[in-house]
1. Please work out if residue 166 is of a type outside the set (Asp, Glu), part of a helix (DSSP H, G or I), closer than 24 Å to residue 23 by Cβ and within 23 Å of the chain's Cα centre (by Cα).
2. Quick check: anything in the stretch 375-391 assigned to a strand (DSSP E or B) and either in contact with a strand residue (DSSP E or B) (Cβ under 7 Å, 6 or more places away or on another chain) or basic (Lys, Arg) (or both)?
3. Every residue in the stretch 319-343 that is touching a Phe, Trp or Tyr at 6+ places or on another chain (Cβ under 8 Å) and more than 22 Å from residue 294 (Cβ to Cβ), please.
4. Has the stretch 187-198 got any residue that is within 19 Å of the chain's Cα centre (by Cα) and buried (at least 19 other Cβ atoms within 10 Å of the Cβ)?
5. Taking the condition under 29 Å from residue 66 (Cβ atoms), touching a residue at least 40 places away in the same chain (Cβ under 8 Å) and not aliphatic (A, V, I, L, M), does residue 184 pass?
6. Of the conditions (1) touching a residue at least 12 places away in the same chain (Cβ under 8 Å); (2) part of a helix (DSSP H, G or I), residue 80 satisfies every one except a single condition; which number is it?
7. How about the stretch 320-357: which of its residues are surrounded by fewer than 20 Cβ atoms within 10 Å (Cβ to Cβ), under 30 Å from residue 381 (Cα atoms) and among the polar types (S, T, N, Q)?
8. State whether the residues of the stretch 46-57 include one that is assigned by TED's automatic domain parsing to the domain that holds residue 174, of a type in the set (Val, Ile, Thr) and touching a Phe, Trp or Tyr at 6+ places or on another chain (Cβ under 6 Å).
Amino acid sequence: MFGYNVNIPISDAEVIFINRVIFHCDLNNFYASVETVRNPSLKGKAIAVCGRTEDRHGIVLAKSEKAKKYGVKTGEVIWQAKKKCGELIVIEPDFDEYVKYGKIVRQIYYNYTDLIEPFGLDECWLDITASEKMFGSDYETAYKIKEQVKKETGLTVSVGVSFNKVFAKLGSDLKKPDAITVIREENFKEKIWGLPACDMLWVGRSTDKVLKKYGIKTIGDIAKTSPEILSSIFGKNGYTLWQCANGYECSEVSEFGSVSEIKSVGRGCTLVSDLETDDEVWRVLLTLSHNVSKHLRGQELMASGVQITVKNNDLKSVQFQKKLCFSTQNSREIADCAYSLYLERYDKNLPVRALTVRAIDLLPVNSSQQLNLMFDINKHMRCEIIEKTALELNKKYGRQILFEATLLNNTKIPSDKTDEVLLPAGCKI
């Protein structure tokens, strides 16, 4: 077992001690690998799991190792992928099967520890600190897990082994497929500080772009930059980046089956075709906001802020958010805020192919609020009466017996809704 013992002053009275063994297990080419297990004749061939061709023009959701070698990329349309790989086999996704295999693999992990935190369907963190005496060294345990997954499911997994979640995740990304990468206290600087900053968890495209403006290009550059400077650029997230790059990240791995506190609720989907007008964007945002509102009401929560994610037809995304002047569950108020964000912040020269609306800064529905003098409480109450009446009628007489006339027009949301996702706290978009 290895450990990393360091004192990090968080306040004058608080000190954190780190001494853990963390795995990050990432199932390789998950969707495509499941399809190969289900149909062994596909083994070794170039395959791509895509949305329905008639709905999405064949957007690639996942690809096999052979397809990856031809340069096939997630997010590109099928004709582009086939231009790179003429022998590409296209398969429609079966999400029920992917969920089933994800559960089977997590049950295998449970043989080794009860501290298992999913990060999507195909990734999990495991804390096996207390399991060493039962299963051997960190590497031996990782090897046993990897081989058991392969034997029982036919899937391969890459395992990152380290002393915290961020470096374990980085380790599983460094070598694929069917591999184990160990990042220890004594060698993490040599192994990862030379890597691009965007390789580290929580450094997305927009953050990486800002970092480069300041000449910060690698993980080591982040580590060596003053935390005060990073905080002045990114707020509290800047200090988090500095902690992660220096190996000070110490968040716990959740217990198997635990339900995290809901910190945000969102709905998103990839559209049938690009949205060409602001009116089309409004209709999609309103539809998604209705779904967000229903979930908030079901959880007895209300939103104090709204966040939107907009992807262009290259599936490159940008994210914007702002506070509401009054916390709400109302779909129209959520949609109005989302639409204003789009109009104010998004580059209209870029086509819109996917949208997500997220309710953030959640509060219990009975929380007291300080009214903003500029907020029209009477309008809010009228909106609530209308929406609650519509919900009651739809519940009594059938779904969508009553809805906004603007939604009679085509929203370009796919009929199968396979891309529609519920986004609880911490999920990737």
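1. On the way: of a type outside the set (Asp, Glu): yes; part of a helix (DSSP H, G or I): yes; closer than 24 Å to residue 23 by Cβ: yes; within 23 Å of the chain's Cα centre (by Cα): yes.
The answer is yes for residue 166.
2. Initially, the stretch 375-391 is screened for residues assigned to a strand (DSSP E or B), giving none.
No, there is no match, as no residue in the stretch 375-391 is assigned to a strand (DSSP E or B) and either in contact with a strand residue (DSSP E or B) (Cβ under 7 Å, 6 or more places away or on another chain) or basic (Lys, Arg) (or both).
3. The answer is 320, 325.
4. Of the stretch 187-198, the ones within 19 Å of the chain's Cα centre (by Cα) are 197-198.
From the residues that got through so far, the ones that are buried (at least 19 other Cβ atoms within 10 Å of the Cβ) too are 197.
Checked the stretch 187-198: at least one residue is within 19 Å of the chain's Cα centre (by Cα) and buried (at least 19 other Cβ atoms within 10 Å of the Cβ).
5. Details: under 29 Å from residue 66 (Cβ atoms): no; touching a residue at least 40 places away in the same chain (Cβ under 8 Å): yes; not aliphatic (A, V, I, L, M): yes.
So residue 184 fails the test.
6. With (1) touching a residue at least 12 places away in the same chain (Cβ under 8 Å); (2) part of a helix (DSSP H, G or I) applied to residue 80, the lone miss is (1).
7. Those that are surrounded by fewer than 20 Cβ atoms within 10 Å (Cβ to Cβ), under 30 Å from residue 381 (Cα atoms) and among the polar types (S, T, N, Q): 321, 340.
8. Here is the first cut: in the stretch 46-57, the ones assigned by TED's automatic domain parsing to the domain that holds residue 174 are none.
Within the stretch 46-57, not a single residue is assigned by TED's automatic domain parsing to the domain that holds residue 174, of a type in the set (Val, Ile, Thr) and touching a Phe, Trp or Tyr at 6+ places or on another chain (Cβ under 6 Å).
The values are calculated or read from the model by the stated rules, or taken from the named source; none is laboratory data. No experiment lies behind these values; they were computed from the predicted model shown. Reconstructed Cβ throughout: ideal geometry from the backbone, glycine too, with neighbour counts over all protein chains shown.
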